[in-house]
Amino acid sequence: MKKILLVDDDIELTGMLARYLKREQFEVELAHDGESGVRLALQGGHALIVLDVMMPRLSGMEALRRIRANRRTPVIMLTARGDNIDRIVGLDMGADDYVPKPCTPGELVARIRAVLRRTDPPPEAEPSPPSADVIEAGLLSMWPGRREATWRGQVLSLTGTEFVLLLTLARHAGQLMPKADISLQALGRPLTPYDRRIDVHLSSVRQKLGLRADGQPWIQSVRGLGYQLLKD
């Protein structure tokens, strides 16, 4: 049973969400302020964290920053409906997804399952051989089964969403991929209008890869079309 940490100061809402999550076979731990949420998150053992943006004692953004400094546990942010700034900032800081409030329990569970599908490692009973299942694109090597990546021979630290986006581009290295195809293959959902998730996550990956000798980023974007990972 996967454990979900739910951090939100709305006690009535968290109680309702917790009951629904338990019916969906999740174990739930609750925190009602940012400081308590960070403390529990850093203790570990959670498959995913749901984190509200607006909370007392410590904001959701600051809580996310402290969590990301120590752990790569997937995080879904709860944001005010229509507040695009919070969504973009949260994604830029390492959140894996966001859900606008008010949200239904069913929508939240669907988002949780979607994030877990793309960030969970494979079962221990099916380990990947050390040299098998490697995707190579120039200076990049990725092992999907182990959720590991190296860049220039050094370990590349990626969030779960960053990993699957980069993996999708690596599998089509040298080719321009439309954002709609990236969304379907990497995130498992159709691209919606004004959705900036892919742009923000790939911006973070670009920074981690650095620049080419010619000063250009390794991940090229073509406005209105998509993205391309260069191999050389």
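The values are calculated or read from the model by the stated rules, or taken from the named source; none is laboratory data. All values derive from a computational prediction rather than experimental measurement. Cβ coordinates were reconstructed from backbone atoms using ideal geometry, including for glycine residues, and neighbour counts include every protein chain displayed. Accessible surface is based on the protein model in full, side chains and every heavy atom, while ligands, DNA and RNA are left aside. Shrake-Rupley method; radii C 1.70, N 1.55, O 1.52, S 1.80 Å.
Quick notes on this structure:
- Probe 1.4 Å - accessible area at Asp120, Å² to nearest ten: 50
- For the range 85-232, the solvent-accessible area of protein heavy atoms averages 50 Å² per residue (probe radius 1.4 Å; ligands and nucleic acids excluded).
- Pairs of Cα atoms farther than 18 Å apart, the range 1-128, %: 49
- Given charges at beta-carbon only (K, R positive; D, E negative), |dipole| of the chain in Debye: 320
- The overall shape of the range 1-71, judged from the alpha-carbon gyration tensor, is oblate: a/c is not under 1.5, and a/b is no greater than b/c.
- Crossing angle, helix 160-171 versus the chain [Cα axis fit, 0-90 degrees, rounded to tens]: 20
- Overall, the accessible surface of the range 97-232 at a probe of 1.4 angstrom is composed of carbon and sulfur to the extent of 53 percent.
- Between Ala180 and Val155, full extension at 0.36 nm per residue minus the direct alpha carbon distance yields a gain of 6.1 nm.
- A value for Rg/Rh (Cα atoms, Kirkwood Rh) was derived from the coordinates, and within the list [x] 0.97; [y] 0.94; [z] 1.03 it appears as [x].
- Helix 197-209 vs. the chain, principal-axis angle (Cα, 0 to 90°, nearest 10): 60
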